[in-house]
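Worksheet for the structure shown next.
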Amino acid sequence: MNLSNLQKRDLNHVWHPCSQMKDYEEFPPIVIKKGEGIYLYDENGKKYMDAVSSWWVNLFGHSNQRISQALSQQAFNLEHVIFANFTHEPAILLAEKLVAYTPKGLNKVFFADNGSSAIEVALKMSFQYHMQKNKPNKKRFLSLTDAYHGETLGALSVGGVGLYNEVFQPLLLNTVRAQGPDCYRCPFNQTPNHCDTPCISFVEEQLEKHAEEITAIIIEPLIQAAAGMKMYPPSYLKRLKELCLQYDVHLIADEVAVGFGRTGTLFACEQAGITPDFMCLSKGLTGGYLPLSVVMTTDNVYEAFYDDYASMKAFLHSHSYTGNPLACSVALEVLNIFEEENIIKENHVKSTYMREKASQEFSDLPYVGEYRQIGMVGAIELVRDKETKEPFPSKERVGYQIYRIALEKGLLLRPLGNVLYFMPPYVIKTEEIDKMIQLASDSIQEYFKNSSVMMRCF
Ligand SMILES: *Cc1c(COP(=O)(O)O)cnc(C)c1O
C-alpha cells in the first residue's frame with residue numbers, strides 16, 4: 001500500500017471515530033485539503049461529491065462565503081467568554097430566533113456543545129423536574145428499539161442500536177424499551193398511505209405498565225437516522241404526544257439529525273403539529289462549522305427550577321464551551337440564510353426532483369428492497385431477497401464495500417449497515433442530484449456484478 005506522508009503520520013498517532021483501525025491497513029484515511037460547495041478535494045486533487053453532508057452537519061456547502069465571513073468577524077471581536085453570569089449578543093439573538101422558529105411554547109434555550117451532551121441535558125432536566133415536582137419514582141426513560149441519541153453513557157442508555165451499546169450494557173441506565181415503528185417491515189402490514197399507526201400500541205403497553213416510574217420518552221422525530229434512515233409518518237408523533245399528556249410523561253424530541261430542514265420543514269415536529277417538552281438541536285445548527293447544541297424547553301419546565309438559591313432547585317450543568325460566541329454567530333448566519341435565501345421552498349423543489357429520479361433509478365435494481373425519502377434524506381435499503389426482505393448478514397459489509405466503490409468514482413456515500421443514503425448539502429443542483437444518483441447506482445451494480453453474493457442467492 002502506497003501511503004502518502006500525511007497518511008503515514010496520521011496512522012502513527014490518530015485514533016479515528018467509529019472505525020476498526022485495522023481496516024485502515026488496506027483502506028487508509030483520505031486526506032482532505034479543501035472543501036468547496038458540495039465537493040471535497042483530497043491531497044492529490046481528487047474530487048469527491050459529499051452526499052452525506054460530512055456526517056449530516058453541513059447545510060450550505062463547505063467553506064460557505066457567508067458563514068466564513070460571519071465566523072471571521074466574530075473571531076476578531078470576541079472568541080469566548082464564561083457563560084455563567086456573562087452573556088453576549090450572538091447567544092441572545094440566536095436564542096430569540098430559535099424560540100421564534102421552533103414549535104410554539106419552547107421559550108427557553110439551554111446551550112451545550114454537541115448532540116450527545118444536549119441529550120444528557122434533556123434527560124437530566126426531565127428527571128430533576130419530576131424530583132422537584134415530588135415525583136421521585138420517575139427515574140426511568142422510555143425509548144424505542146433502533147433509536148440513536150449519541151454515545152455518551154446516558155445517551156447510549158436510551159439508544160437501541162446494539163452495535164454501539166452492547167459492550168457497555170453493564171454501565172448503562174435501566175431504561176424501558178418499546179418496539180418502534182418499522183414501516184418497511186411493518187408487522188401490521190400497513191402501507192405509508194394507509195397507516196393508522198397501530199404500532200403505537202407497543203409504546204402504550206409500556207406506559208400502562210410503567211408510567212409511574214417513567215420520566216420521559218425520547219424519540220427521533222420522523223427518521224431513526226443512525227439505525228438506517230428508518231422513516232415513519234407524522235401521525236405516530238401525534239399519537240405519542242397524546243400518550244405523553246395522558247400518562248404525565250415528558251416528550252423529548254431529538255432533532256439533532258432531522259432539524260434544520262432535513263425532513264422538508266424547518267423542524268420535523270412541525271409536520272405533526274406538536275410541541276415536545278424538550279427539543280434537542282445540534283448538527284445542522286451551525287451548518288457544519290462548529291460544535292454547538294441547544295435544548296429548547298417550555299416555561300413550565302423552566303419554572304420548576306426557578307426559586308431562591310437556598311431551595312437548591314437550580315439546574316447545575318455546564319460545559320466549558322457553553323454558548324460559545326463563535327459557534328453562536330455562525331448559527332445565527334445559518335438562520336439568516338434560511339430566511340433570506342428561501343431554503344425550505346427551494347429544498348421542496350429539489351427533494352421532489354430527487355424522489356422522482358431516485359425512485360426510477362433504484363426501484364428495479366436487484367437487491368434494492370426499497371428507496372425511501374423524506375425531504376432531503378433519501379435511503380436505499382439493500383436486501384438479499386426482495387420478496388422476503390431478508391437482510392444481508394452485517395458481517396458481509398455490503399454497504400461498506402459499495403461505499404468503497406463509490407469513493408473510487410468520486411462519491412462520498414457513507415453506509416449504515418445495508419442502507420446507503422443521500423443527505424446532501426442544500427446547495428446541491430439538479431444536475432448534481434442526477435450525477436449523485438447515477439454514481440450510486442453504478443456502484444451498487446458494479447458490486448453485485450462482481451461479488452459472490454449473487455451465486456449464494458440462487
Ligand atoms: C448525531 C446524533 C446525536 C449525537 O450528536 P453528537 O454531536 O455526535 O454527539 C444525537 N442524536 C441524534 C439523532 C443524532 O443523529
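Here are a few things to note about the model shown:
- Qualifying positions in the range 236-261 - touching a strand residue (DSSP E or B) at 6+ places or on another chain (Cβ under 6 Å), within 16 Å of the ligand (Cβ to nearest atom) and over 22 Å from Tyr421 (Cα atoms): Leu251, Ile252, Ala253
- Boolean, Ala91 is under 30 Å from Ser19 (Cα atoms) and crowded, with 22+ Cβ neighbours inside 10 Å: no
- Among the residues of the range 121-146, those identified as surrounded by fewer than 21 Cβ atoms within 10 Å (Cβ to Cβ) and either part of a loop (DSSP other than H, G, I, E, B) or near the ligand (Cβ under 10 Å from one of its atoms) (or both) are Lys133, Asn134, Lys135, Pro136, Asn137, Lys139, Thr145, Asp146.
- Among the conditions (1) under 25 Å from the mean Cα position of the chain (by Cα); (2) small (Gly, Ala, Ser); (3) outside any strand (DSSP E or B); (4) over 22 Å from His319 (Cβ atoms), the only one that Gly35 does not satisfy is (3).
- Residues satisfying the stated conditions in the range 345-369, i.e. in contact (Cβ under 8 Å) with a residue 24 or more places away in the chain and under 15 Å from Gln445 (Cα atoms): Ala358, Glu361, Phe362, Leu365, Pro366, Tyr367, Val368, Gly369
- Residues of the range 321-333 satisfying the condition of being out of contact with any His (no Cβ under 9 Å at 6 or more places or on another chain) and in a loop (DSSP other than H, G, I, E, B): Thr322
- Of all the residues in the range 184-198, those that are within 22 Å of Asn418 (Cβ to Cβ) and either outside the structural domain of Asp146 (by TED's automatic domain parsing) or surrounded by 11 or more Cβ atoms within 10 Å (Cβ to Cβ) (or both) number 5.
- With respect to being among the β-branched types (Val, Ile, Thr) and in a strand (DSSP E or B), Ile274 falls outside the description.
- Test: Asn114 is touching a Pro at 6+ places or on another chain (Cβ under 9 Å), within 16 Å of the ligand (Cβ to nearest atom) and assigned by TED's automatic domain parsing to the domain that holds Glu212: yes
- Filtered residues of the range 186-239 (kept if in a strand (DSSP E or B) and at pLDDT 95 or above): Ile214, Thr215, Ala216, Ile217, Ile218, Ile219, Ile223, Gln224, Lys230, Met231
- Restricting attention to the range 53-88, the residues being of a type in the set (A, V, I, L, M, F, W, C), crowded, with 18+ Cβ neighbours inside 10 Å and farther than 15 Å from Gly37 by Cα number 3.
- Selection from the range 240-257 of residues that are assigned to a loop (DSSP other than H, G, I, E, B) and over 17 Å from Gly180 (Cα atoms): Asp248, Val249, Val256, Ala257
- Ile82 vs. criteria in contact with a Ser or Thr (Cβ under 9 Å, 6 or more places away or on another chain), at pLDDT 95 or above and in the same structural domain as Tyr403 (by TED's automatic domain parsing): no
- When we screen Ser318, Ser293, Ser311 for residues that are within 14 Å of the ligand (Cβ to nearest atom), assigned by TED's automatic domain parsing to the domain that holds Glu79 and polar (S, T, N, Q), the only hit is Ser293.
- Condition check for Pro103: surrounded by fewer than 17 Cβ atoms within 10 Å (Cβ to Cβ) and either among the aromatic types (Phe, Trp, Tyr) or more than 16 Å from the ligand (Cβ to nearest atom) (or both): no
- Checked against (1) at pLDDT 95 or above; (2) within 16 Å of the ligand (Cβ to nearest atom), Arg177 meets all criteria but (2).
- Any hit, the range 297-308, residues being assigned to a loop (DSSP other than H, G, I, E, B) and within 19 Å of Val52 (Cβ to Cβ): no
- Leu420 being closer than 19 Å to Ile374 by Cα, without any contact (Cβ under 8 Å) to a residue 60 or more places away in the chain and hydrophobic (A, V, I, L, M, F, W, C): yes
- Lone unmet requirement of (1) acidic (Asp, Glu); (2) surrounded by 13 or more Cβ atoms within 10 Å (Cβ to Cβ); (3) within 13 Å of Ile428 (Cα to Cα) for Glu36: (2)
- Residues that are more than 13 Å from Leu251 (Cβ to Cβ) and in contact with a strand residue (DSSP E or B) (Cβ under 6 Å, 6 or more places away or on another chain) within the range 262-293 comprise Arg262, Thr263, Leu281, Ser282, Ser293, listed in sequence order.
- Of all residues assigned to the range 264-271, none qualifies as being out of contact with any Lys or Arg (no Cβ under 8 Å at 6 or more places or on another chain) and either closer than 26 Å to Lys34 by Cα or free of Cβ contacts under 8 Å to residues at least 40 places away in the same chain (or both).
The values are calculated or read from the model by the stated rules, or taken from the named source; none is laboratory data. In this text the structure is predicted, and so the values were computed from the model without any measurement. FYI the Cβ positions are ideal-geometry reconstructions off the backbone, even for glycines, and counts take in every protein chain you see.
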